[in-house]
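To keep things clear, I will list the structure first and then write my remarks on it.
Every number here is computed from the coordinates shown, using simple stated rules; none is lab data. All of these numbers come straight from a predicted model, not from anything done at the bench.
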Amino acid sequence: MSFKSHMEEALAEARAAAARGEVPVGAVLVAPGGEVVARAGNRTRELNDPSAHAEMLVIRAACANAGSERLPGHVLYVTLEPCAMCAAVIAAARIARVVYGAADPKSGGVDHGARVFSHAQAHHAPEVLGGIAEEEAAALLKEFFAQRR
């Protein structure tokens, strides 16, 4: 099986989030056959919901469409390393692989901080690939926050 990145689609969602005044994080969820089943950018401010991270939104949408709380074989592309909250939901949904762009040493929950998937309590540990389109993802975040300082 060859690897095809959907990170450009996730970056497009991040750009759209920034245009709405949201922190520019985008996510795309891909089914085992390669079909994009959900895409979203952060909407925490718009929805007044601290859990409305891009990852949570695509997982919610895909689970609703699948009629299941589990998404085995799915691949999540996200522009920023998932936080601990999102990582816990990724594990609960049994997502097969997480591909992320920029690392998040401050709030990450996968390769930094809580490292959710490495705990014995984690129900599932997906394959993780970090640093895909890292420069573009990091630049979006830096530009967004520079404009607000």
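Points to keep in mind about this one:
- Shape call, the chain: gyration tensor on alpha carbons, a/c limit 1.5: rounded
- Estimated vicinal HN-Hα couplings, Hz - region 76-90 in sequence order (Karplus 6.51, -1.76, 1.60; Gly, Pro = x): 9, 9, 9, 6, 10, 3, x, 6, 4, 4, 5, 4, 4, 6, 4
- Amide H contacts for VAL99 (H built 1.01 Å from N in the peptide plane; partners 5 or more residues away or on another chain; cut-off under 5 Å): LEU76, TYR77, VAL78, LEU129.
- Three-way shape label, region 83-131, alpha-carbon gyration tensor, a/c 1.5: oblate
- Note that region 93-101 has calculated 3J(HN,Hα) couplings of 7, 6, 5, 6, 8, 10, 10, 10, x Hz, one per residue in order, obtained from phi through the Karplus relation 6.51 cos²θ - 1.76 cosθ + 1.60 (θ = phi - 60°); glycine and proline are x.
- ASP104 long-range amide H proximity, modeled H, under 5 Å: GLU81
- Sequence-distant residues sharing a close amide H with ALA38 (under 5 Å, placed H): LEU29
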